[in-house]
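First comes the structure, then the notes that go with it.
The values are calculated or read from the model by the stated rules, or taken from the named source; none is laboratory data. Not measured: the values here are computed from a predicted model. Every residue, glycine as well, gets a Cβ built from its backbone with ideal geometry; the counts of neighbours run over all protein chains shown. Surface areas here come from the heavy atoms of the whole protein model, side chains and all, with no ligands, DNA or RNA. Shrake-Rupley method; radii C 1.70, N 1.55, O 1.52, S 1.80 Å.
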Amino acid sequence: MVMIFTLVTAVQEKLNEIVDQIKTRREEEKKQKEKEAEEAEKQLFHGTPVTIENFLSWKAKFDAELLEIKKKRMKEEEQAGKNKLSGKQLFETDHNLDTSDIQFLEDAGNNVEVDESLFQEMDDLELEDDDDDPDYNPADPESDLTD
């Protein structure tokens, strides 16, 4: 009985040591992975060191690209500008545009007839002659209030 107890105790201690070794190995592996991930992240942020020569060569390339883009844009604007006339230029070149809106309305059948006799006798209307308020200031909302 004593011998079995001694054997079981020895096996338990050995198993505990093995379990502890496995735990420490896993922790070390986890720390190693975190360290590698951290270093990889640092590498992402660490680029080419900037020197005067590197900067000047980059700036020359960048300026050349910008100049090329500006040239393309100016060519596109020139091509668009040649074909596109302003409103004033359109009316100066094509006099049919002067009456085109009226013709369009007449063709559509939206003729509006105005009875001009309604506007001939304006004296008969009882319009109040309110004198303009000399104290009225449009910028000041309080100046519109009556006393």
Share of carbon and sulfur in the accessible heavy-atom surface of the range 1-89 [1.4 Å probe, %]
60
Segment Ala64-Glu28, extension gain: residue separation times 0.36 nm, minus the distance between their alpha carbons:
7.8 nm
Identify the trypsin sites (Lys or Arg not before Pro) of the range 1-108 meeting these criteria: DSSP loop state and at most 11 other C-beta atoms within 10 Å of the C-beta.
Lys84
Proximal lysines to Lys84, defined as alpha-carbon separation beneath 19 angstrom and excluding residues fewer than eight positions away on the same chain
Lys72, Lys75
